[in-house]
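A quick write-up on the structure given underneath.
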Amino acid sequence: AFSTFFITGIFIYSWDLLAKGLRDKSNKELIQGIGVFLLPILSSIPVVILAGIFETPHANPIVVQIVAFILSLVPSIIMVEGGFVMVILGLLFYIFRTNRMAQIIVLVVISVIAHLFDPTGVQWMMIFAAIPMYFYNGERGSGNKNFFYIFYPAHIYLLWILASLFR
């Protein structure tokens, strides 16, 4: 998940540069914002090219694994957990950070899109996060952190089991 957070952070930084450049009418910040925005996209080009080359039948599997490992260290929009849709979700959550209803709408739309593109996947279940998002009152919880140390892994395993049963 850290690669997804990192790429999302790059796009958030780009968004802030572009917004500041537009607000201040600063060409320098606009150009920087565009450059930062293009960084994870352009860094995907070697991944795509090498993936095509290594799909040939005579590719050495050890070389493929080494190159894949090296490329996994390069920030790339196509090498993130959950796919680029999760990066878009993170960026849109940031953009609408002051409007919870807009965030919920974004979550619902992206959940529907996730289901349409991968009907057998489980990512669409993130739609259920809209419920606690809607009821969140902006205050810190009661501090039952030990409960969440158990709940979080347990619910992940439960969702995995449910997904396995319904495939």
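The values are calculated or read from the model by the stated rules, or taken from the named source; none is laboratory data. Predicted model only: the values in this text are computed from it and were never measured. Cβ coordinates were reconstructed from backbone atoms using ideal geometry, including for glycine residues, and neighbour counts include every protein chain displayed. Side chains are part of the model used for accessible areas, which takes the heavy atoms of the whole protein and leaves out ligands, DNA and RNA. Shrake-Rupley method; radii C 1.70, N 1.55, O 1.52, S 1.80 Å.
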Unmet criterion (only one of (1) closer than 30 Å to Tyr152 by Cβ; (2) touching a residue at least 12 places away in the same chain (Cβ under 8 Å)) for Asp118:
(2)
Has the range 66-81 got at least one residue that is loosely packed, with under 14 Cβ neighbours inside 10 Å and over 20 Å from Val47 (Cα atoms)?
no
Which condition from (1) more than 27 Å from Gly21 (Cβ to Cβ); (2) in contact with a Leu (Cβ under 8 Å, 6 or more places away or on another chain); (3) not basic (Lys, Arg) is the one that Ile104 breaks?
(2)
From Gln65, Gln32, which residue is over 21 Å from Met86 (Cα atoms) and either touching a helix residue (DSSP H, G or I) at 6+ places or on another chain (Cβ under 6 Å) or not in a helix (DSSP H, G or I) (or both)?
Gln32
For the range 48-58, state whether one or more residues are surrounded by 14 or more Cβ atoms within 10 Å (Cβ to Cβ), farther than 19 Å from Phe84 by Cβ and not β-branched (Val, Ile, Thr).
yes
Count, please, the residues in the range 85-115 that happen to be part of a helix (DSSP H, G or I) and without any contact (Cβ under 8 Å) to a residue 40 or more places away in the chain.
21
Would you check if there is a residue in the range 155-167 being open to solvent by less than 90 Å² (accessible area, probe 1.4 Å) and within 27 Å of Ile10 (Cβ to Cβ)?
yes
